[in-house]
Amino acid sequence: MDVVIISEAGNESLHPVTAQLVGASSSIGGKISVICPGGIGSSEAAMIAGVSKVISVEGDCFASYDCMAWCNAILPFIDGDLVMTSSSAIGREISAAIAAKKDFPVVQDITSLNDGISVSRSIFSGKAIEEVGVSLPCALSVRANTFQPAEGGGNAEITTINVSQEVSVAVKEALAKAGERLDVAEANIVISGGRGMGDPSNFSHLYDVAEEIGAAVGASRAAVDTWEEIPHSMQVGQTGKTVTPSLYIAVGISGAIQHLAGMRSSKYILAINKDPEAPIFGVADYGIVATWEESIPALKEHLSAVMSD
Amino acid sequence: MGVAVLLKQVPDTTAKISVSGSRVDESAITKWSISPYDEYALESAIALKESGADELVAITCGPQRASKCLTEAAAVGADRLIHIVTDADFMDSCTVQSILSSAIERSECDIVLCGKQAADTNSGSTGPGVASLLGYSCVGSVTEVSMDGGKLSATRLGATGLERIEVSGPCLLTFDKGEVELRRPNVRGIMMAKKKPIESIGVEDLGIEIGSPRASLQSHSSPPDKPPGQKFEGAGSIEVVVGKLRDEANVI
Ligand SMILES: Cc1cc2nc3c(=O)[nH]c(=O)nc-3n(C[C@H](O)[C@H](O)[C@H](O)COP(=O)(O)OP(=O)(O)OC[C@H]3O[C@@H](n4cnc5c(N)ncnc54)[C@H](O)[C@@H]3O)c2cc1C
C-alpha cells in the first residue's frame, strides 16, 4: 500500500503536523511520498525519516488558496491508495475534494489509525466516538497532535514540477489579518475569557497571563457576540474552534454544552468562576471558585515565579 | 440563476448523546434542528435571493423527520423543497455526495451553499466533495456573500485572516459563523410553509445504487470518563493550583 501525504504549510514553512502524518502512516506500512502544494516546505519534508519521495508542485495557482485549482494541480501526481492530509480547514477540503475526484471514500479528523483499515474519530463535538472501517483506496484527514511525529534525519529525493492551472477564486482584499497573535487551535496552552470578564478591555489581563506561559487567548461565544473587540477567530466551541491543548484555562465562562464541545478534549482544564455551581467545574481538573479580578493577578504572579524557576 | 442550499438535520446542540449497545441511542434524542453552520448558509441563500437570484431550492437528505428542515427553510423564503428520503443510519462520503450532487443537478442550480461541517459527524467532506463531483469551484469558510452582476463576492476566513474573494462560474460555498444575524420566520411565513409541497425522492429515483459501502460504522462509544476534578475556594488557592499544574499535570 502506497501512502501519499499532502503537506500542510504554516507561515511559509512546513507545518509540524506533516511529520505527524508520516508518523501515523508508517504504523500501517507502505511507501510514503509527500506532495508539497506550492513547493512550501519541500526541503523540510525531505528530511522526515521514512519519506521516500517529495514532489514539489509549483505554479502561479498556489499564490492564494483556490481549493479546486489546487486539487486539479496536484491530482496527476497522486499515485497511491491512501491519501492523507491534516484536518485543518484547508486539509479537510483538499482531502474531500481529492477523494471525490478519485472516487475514494474519505474519513475526516481521525484520532487513531489501525491496520485493516480501521479509524476512530470524535463525533457530536466530542460527545461520542465512532470507529469506522474503511476500504482502500481512501483518503483520511488526521487531527493534529494525536500521532507521534516521525523523526528527522531522512534524505528523500525532491522532484520539482511546474504546473499551470486556471484559478476561479480570486482574492481581492485582505480584510483583517489573523494577527501576529497565536491561534487558539495551534497553541499548547489556551486561556479563554467569557462574559464574566465584564468588559472587553479586561481581556488585557488574560493577554498578560498568556504572555507569561506562551498561551493563546480564546473566548466564549457570549464574549464574541457581545463585544465587537473580540473577533470570531477567538471563539472556542461548537460554532467556533475545537481546541485540544495540554492546558485550557477558562475564566468567567459558565461551561455551556456548546462551549464544552470545543474544549473538553483538552488534556487538563483549569476553571476560574465565581459561581460554585457553574457547569464548567464539571469538566475541570482544577476548579477555583473566585472572581477573575482576585485570581488573575495572583495567577500571573505564581506562573511567572514557576516559569523563572 | 438558481441557488441551492443543503440542509442537514442533526440532534440539537443541547441534546444529550448516550450510547447503548455500541450505537448512539437516537430514540433518546428529543430535539432535532438544522445543523448550525447550515443555518448560516440558509441565511446567505435568502440574501442572494433578495438580491436577484431566481429561485431558492432547499435540499435535504435523511429520514422522514428531516422534512422539518425544509419546512423551516420555506418559512424564511425557500421556493422549492427537495427531500431525498433514506433511512440509512450511516452512509459513506461517496454515497452522500453522489445523492446530493444528483439532486442539485435536478434543481439546475449553479450556486450551492452549505455549512462547512455538520454538527453530528463534524466532518466537512460534503461541500468540497459535492463541488468536485459537479465540477464547480469551491470556497470554504465563507461568512458573507453578495452578488455583483454575474459574479459572487464573498468574505471568507482564510489561513491568514478574513479576506474578500470573487468567484466566477458555477460554485459551491461552505459557511462558517460570521457577523450575520439569522432571521426568524414570521407567522405568515410559517403558515405558508406548512402548505408548501415537498418533493420526496427515493435514492433509487436518482438512479443511484447504494452498493456495498466503502466506509462503514463499526461502533460508537462514549468518551472516556475523566476522573473528578479538584475544587478550591478563593484566589488564595492559586499558588497551590499553579504548583499542581507543574508537578501533577506537568503542563507548565
Ligand atoms: C447553536 C449554538 C451554538 C453555540 N456555539 C457556541 C460556541 O461555539 N462557543 C461558545 O462558547 N458558546 C456557544 N454557544 C452559546 C452557549 O450556549 C453559551 O451561551 C455561551 O457559551 C455562554 O458564554 P459565557 O460562558 O461566556 O457566558 P455566561 O453563560 O453568561 O457565563 C458567564 C460566567 O461568568 C461567571 N462570572 C461572572 N462574573 C465573574 C467574575 N467577576 N469572575 C469570575 N467569573 C465570573 C458567571 O458565574 C458565569 O458562569 C452556542 C449556542 C447555540 C445555541
Restricting the search to the stretch A:108-157, which residues are at positive phi and of a type in the set (Phe, Trp, Tyr)?
A:PHE124
For A:THR291, all conditions in the list (1) within 23 Å of the chain's Cα centre (by Cα); (2) within 10 Å of the ligand (Cβ to nearest atom); (3) among the hydroxyl-bearing types (Ser, Thr, Tyr) hold save one; what is the number of the exception?
(1)
State the number of residues belonging to the stretch A:228-270 that are closer than 18 Å to A:THR111 by Cβ, within 12 Å of the ligand (Cβ to nearest atom), facing chain B (nearest Cβ under 10 Å) and small (Gly, Ala, Ser).
1
Please name all residue pairs, on different chains or six or more residues apart, with Cβ atoms under 6 Å, provided the first residue is in the stretch A:276-302 and is facing chain B (nearest Cβ under 7 Å) and the second residue is part of a loop (DSSP other than H, G, I, E, B) and surrounded by fewer than 21 Cβ atoms within 10 Å (Cβ to Cβ).
A:ALA284/B:GLY229; A:ASP285/B:GLY229; A:GLY287/B:GLY229; A:VAL289/A:PRO276; A:ALA290/B:GLY234
Flag for A:GLU301 being within 8 Å of the ligand (Cβ to nearest atom) and either of a type outside the set (Phe, Trp, Tyr) or farther than 11 Å from B:VAL241 by Cβ (or both):
no
Of (1) facing chain A (nearest Cβ under 7 Å); (2) surrounded by 19 or more Cβ atoms within 10 Å (Cβ to Cβ), B:ALA118 satisfies every one except (1)
Checked the stretch B:151-172 for anything in contact (Cβ under 8 Å) with a residue 60 or more places away in the chain and not hydrophobic (A, V, I, L, M, F, W, C); matches are B:PRO170
Among strands (runs of 3 or more DSSP E) completely within the stretch B:154-252, the ones holding 1 or more residues that are more than 20 Å from A:VAL283 (Cα to Cα) and either more than 11 Å from chain A (Cβ to nearest Cβ) or out of contact with any strand residue (DSSP E or B) (no Cβ under 7 Å at 6 or more places or on another chain) (or both) are B:198-202
Answer with yes or no whether A:ASP103 is farther than 23 Å from A:LYS31 by Cα and facing chain B (nearest Cβ under 10 Å).
no
Tell me, please, whether a residue that is in contact (Cβ under 8 Å) with a residue 24 or more places away in the chain, more than 16 Å from the ligand (Cβ to nearest atom) and not in a helix (DSSP H, G or I) can be found in the stretch B:25-33.
no
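Here's the yes/no breakdown for (1) away from the ligand (no atom under 16 Å from the Cβ); (2) touching a strand residue (DSSP E or B) at 6+ places or on another chain (Cβ under 7 Å); (3) not in a strand (DSSP E or B):
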{"residue": "A:ILE129", "(1), (2), (3)": "yes, yes, no"}
{"residue": "A:ASN145", "(1), (2), (3)": "yes, no, yes"}
{"residue": "A:PRO149", "(1), (2), (3)": "yes, no, yes"}
{"residue": "A:THR160", "(1), (2), (3)": "yes, yes, no"}
{"residue": "A:ALA170", "(1), (2), (3)": "yes, yes, no"}
{"residue": "A:ILE191", "(1), (2), (3)": "no, yes, no"}
Among the residues of the stretch A:214-233, the number that are touching a residue at least 24 places away in the same chain (Cβ under 8 Å) and open to solvent by less than 20 Å² (accessible area, probe 1.4 Å) is 8
Residues in the stretch A:191-208: is at least one modelled with pLDDT under 95 and of a type in the set (A, V, I, L, M)?
no
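Here are B:GLU199, B:GLU239, B:GLU233: which of them is open to solvent by 80 Å² or more (accessible area, probe 1.4 Å) and out of contact with any helix residue (DSSP H, G or I) (no Cβ under 6 Å at 6 or more places or on another chain)?
Values: B:GLU199 fails: open to solvent by 80 Å² or more (accessible area, probe 1.4 Å); B:GLU239 fails: out of contact with any helix residue (DSSP H, G or I) (no Cβ under 6 Å at 6 or more places or on another chain).
Going through B:GLU199, B:GLU239, B:GLU233 in turn, the sole match is B:GLU233.
The values are calculated or read from the model by the stated rules, or taken from the named source; none is laboratory data. Owing to the predicted nature of the structure, the values given are computational and were not obtained by experimental measurement. Virtual Cβ from ideal backbone geometry, glycine too; neighbours counted across all protein chains shown. Side chains are part of the model used for accessible areas, which takes the heavy atoms of the whole protein and leaves out ligands, DNA and RNA. Shrake-Rupley method; radii C 1.70, N 1.55, O 1.52, S 1.80 Å.
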